[in-house]
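The values are calculated or read from the model by the stated rules, or taken from the named source; none is laboratory data. These figures come from a predicted structure and were not determined experimentally. Here Cβ is always computed from backbone atoms with ideal geometry, including for glycine, and neighbour counts include all displayed protein chains. Remember, those area values only see protein heavy atoms, side chains included, never the ligands or the DNA or RNA. Shrake-Rupley method; radii C 1.70, N 1.55, O 1.52, S 1.80 Å.
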Amino acid sequence: MKPDFDLAIIGSGFGGSLLAMVAHRIGLKVVLLERGRHPRFAIGESSSPLANLIIEQLAERYGLPRLNALTSYGEWERNYPEVVCGLKRGFTFFKHQINQTYRPAPDRSNQLLVAASPHDDVADTHWLRSDVDHFLVNEAIALGVEYLDQIELQGVEWGADSTARLNAQRLGQMIQLRARWVVDASGPRGFLSRRLDIAEHRFNSYPPTQALFSHFTGVHRCDAMPAYTTAEQAPYPMDDAALHHVFDGGWMWVLRFNNGVTSAGVAVTDELAKKLRLSEGERAWQRVLSRFPSIYDQFAQAKAIREFTWMPQLAYRATTATGGGWAMLPSSAAFIDPLFSTGFPLTLLGIERLGRALEEDRLNQAQVMKEYNEVTLAEADHTAQFIAGCYSGFPQFQDFAAYSMFYFVAASFSEMARRLGRGHMVRQFLASDHPTFGQAARILGRMLRTRGAQSELFAAEVRKQTDCLNVAGLCNPAKRNWYGVDFEDLVAEATKLAMTPAEVREVLQRADWARGNRLAAAMAE
Ligand SMILES: Cc1cc2nc3c(=O)[nH]c(=O)nc-3n(C[C@H](O)[C@H](O)[C@H](O)COP(=O)(O)OP(=O)(O)OC[C@H]3O[C@@H](n4cnc5c(N)ncnc54)[C@H](O)[C@@H]3O)c2cc1C
């Protein structure tokens, strides 16, 4: 019997809806299955340059022009003002000590500001997921994707013809859907993990962590608070960013949307969570605030506008991400920690890879699925090792600041390589597949976890080991932890991208630069 659909996607978060659009544009018959109803709350809100670039490239490759405006703040605001987002110019970190008011150290050794874009118009964004996911599912429906919400999937089995049969209940009716392939986009510990009893494989050497979060109104800006500011002009307004308050054992995110709402939450080790009694929700949140006077002041007038969510176990990794006739999105196969907004780019890399396999009708080839499985889990493992190193660096903030450069160097190199047609130079997230860079990130991370580090020597070693991909002027002690965007750094390091400085300059200035025009706009200033 002919299947009803080529592809059934379980879960209509941004990942499921984007993959549905891609598959539809490839010419496949797609059904998107959602347990709940949009609009609905979802966590995971901060995008990044690499995430936006992948969306831009998916939009280009699959003829989805309406996605382009979601890839930069200015275009988003002009095109979809009703879809709430926030301005993200970079990554801001402040290191706090218990019971001490924050004061910027003269050498800025207790803060780190890394710009990701040169100005607001081309900046990244925070996504109010209830709006963005709703928008994307409507886009998928408008294209012609079949969408069934409020569906309760009860089972899945594969027939001798390898067609999947999904049994479900919807609004009191039993239904059966047959599909050639199934992609699970239902999140960590999602539908297939549970139905197929896929075991969890804990990340090695990763500290178990928990989270507590909500949405707030009335959160003060740090750049309006004397505790955080200095006479010097920061590379960008420090709150128009993914703002992090770092402390021993964990960190807090503060992400501002432009409707007056701010997303904030903490991710902490189990050890600290126990001390804070994180399971107590709002009372635990107050305990966090009362430990750190300058964070307390930032939230002095804040009101939580939704219930607090406690997640007793943040990290998750399935033992496998594929099987006969099915695959998980990376976001269903694994999650590590919100630090460095790795969830979106990992998910998008998975969508890109699945899109290529679907284009060539190769999703049922064992070798293709094996490679997808390996790369998905290898990227998750590498990211987990990196984040574990970051947690170990928190007590000595300069070690964290130094080690974080493995993220910033890899992210900026990956973005530039893709933009300049050199995508083959770095295929995996965080350049984990680069022979020296990826290995060095793992070794230095292990050093932080097991022995701690000596700040200056450690920073010098990071500088040396990241130099091969450093095209953004990072790891420069003279910048004292404040990094703006200067395209001359890229021109000067052109050979690392196998180009000449003149070639880089020419590409950057070309008027028909990729849609979004981020760099050309910046160069023209
Ligand atoms: C605390 C926290 C903070 C985070 N912050 C960031 C961040 O700032 N930046 C970042 O890049 N990443 C972040 N992430 C990761 C990010 O949330 C994920 O990468 C992202 O949500 C993945 O999107 P998705 O669409 O694949 O899945 P999800 O957003 O998880 O959506 C899954 C969908 O599947 C549906 N579903 C679930 N079960 C079923 C079922 N049985 N049948 C049908 N439908 C089902 C759900 O209702 C939902 O709509 C964070 C994660 C956490 C936990």
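Magnitude of the charge dipole for the chain, about its Cα centre and with charges confined to Cβ atoms of Lys, Arg (+1) and Asp, Glu (-1), is about 940 debye.
Here the Karplus curve 6.51 cos²θ - 1.76 cosθ + 1.60, taken at θ = phi - 60°, turns the phi angles of the range 464-474 into couplings of 5, 6, 9, 4, 4, 10, 7, 10, 10, x, 7 Hz, with x standing for Gly and Pro. Helix-only arithmetic for the chain: the sum of -39500 (n - 2.57) across DSSP H runs with n ≥ 4, divided by the residue total, places the mean residue ellipticity at 222 nm at -11500 deg cm²/dmol.
Among DSSP beta bridges lying fully in the chain, give the percent that are antiparallel, nearest 5. All intermediate terms of the calculation are to be shown ahead of the outcome.
On the way: 55 of 77 bridges.
Expressed as a percentage, antiparallel bridges in the chain total about 70.
Per residue, how much accessible surface does the chain expose to a 1.4 Å probe? Answer in Å², no decimals.
Working: 20620 Å² over 525 residues.
Ligands and nucleic acids excluded, the figure is 39 Å² per residue.
Kindly state, to the nearest 0.05, the FRET efficiency for Ser109 paired with Asp467, given R0 = 35 Å and r defined as their beta-carbon distance. Calculated value: 0.95. Across the range 486-498, coupling constants 3J(HN,Hα) worked out from phi with the 6.51/-1.76/1.60 Karplus curve, θ = phi - 60°, read 9, 5, 5, 4, 5, 4, 5, 9, 3, 5, 5, 9, 6 Hz, and Gly and Pro carry x. For Ala300 and His119, a Förster radius of 25 Å and the Cβ-Cβ distance give a FRET efficiency of 0.20, rounded to the nearest 0.05. Overall, the anisotropy analysis places the chain in the prolate class: the square-rooted eigenvalues a ≥ b ≥ c of its C-alpha gyration tensor yield a/c not less than 1.5, with a/b exceeding b/c. Working from Cα positions, state the angle (0 to 90°, nearest 10) between the long axis of helix 14-26 and the longest principal axis of the chain. On a 0 to 90 degree scale, this one is about 50. Among the GluC sites (Glu not before Pro) within the range 1-96, those in coil by DSSP and having at most 13 neighbouring Cβ atoms inside 10 Å are Glu82. A full extension of the chain between Tyr80 and Leu457 corresponds to an added length of 130.9 nm, given 0.36 nm per residue minus the alpha carbon distance. Sparsely packed loop sites in the range 418-511 (the trypsin sites (Lys or Arg not before Pro) outside DSSP H, G, I, E and B with at most 13 other Cβ atoms within 10 Å) comprise Arg510.
Each label point was placed 7 Å from the Cα along the Cα-to-Cβ direction; for Arg66 and Asp486 their separation is 4.3 nm. In the range 183-251, a dipole from Cβ-located charges (positive for Lys and Arg, negative for Asp and Glu) runs towards its positive end, and of Thr230, Gly190, Phe213 it is Gly190 whose Cα lies farthest in that direction. For the range 355-500, the fraction of 1.4 Å probe accessible surface lying on carbon and sulfur atoms is 49 percent. Taking +1 at the Cβ of each Lys and Arg and -1 at the Cβ of each Asp and Glu, which of Pro435, Leu448, Ala460 sits farthest along the dipole of the range 421-493 towards its positive end, judged by Cα position relative to the Cα centre? Working it through, the farthest residue towards the positive pole turns out to be Leu448. Compared with the alpha-carbon gap, the fully stretched path from Thr500 to Ala160 is longer by 116.8 nm at 0.36 nm per residue. Between 0 and 90 degrees, the angle of helix 366-393 with respect to the longest Cα principal axis of the chain falls at about 30 degrees.
The listed peptides 149-159, 126-136, ordered by packing as a protection proxy, come out as 126-136, 149-159 (highest mean of other Cβ atoms within 10 Å first). Legend: calculated FRET efficiency, Asp223 to Leu143, from the Cβ-Cβ distance at R0 = 41 Å, rounded to 0.05, equals 0.50.
For the range 212-302, the set of GluC sites (Glu not before Pro) satisfying both a DSSP loop assignment and a count of at most 15 other C-beta atoms within 10 Å is given as Glu232.
By how many degrees, 0 to 90 and rounded to 10, does the Cα axis of helix 129-143 deviate from the longest principal axis of the chain? For 129-143 against the chain, the angle is about 40 degrees.
Compared with the alpha-carbon gap, the fully stretched path from Met311 to Glu360 is longer by 13.7 nm at 0.36 nm per residue.
Applied to the range 160-175, the Karplus parametrisation 6.51 cos²θ - 1.76 cosθ + 1.60 on θ = phi - 60° returns per-residue 3J(HN,Hα) values of 4, 7, 6, 7, 7, 10, 9, 9, 8, 10, 9, 6, x, 10, 7, 9 Hz, with x for Gly and Pro.
Close Lys pairs in the chain (alpha-carbon distance under 29 Å; sequence gap of 8 or more, or different chains): 16.
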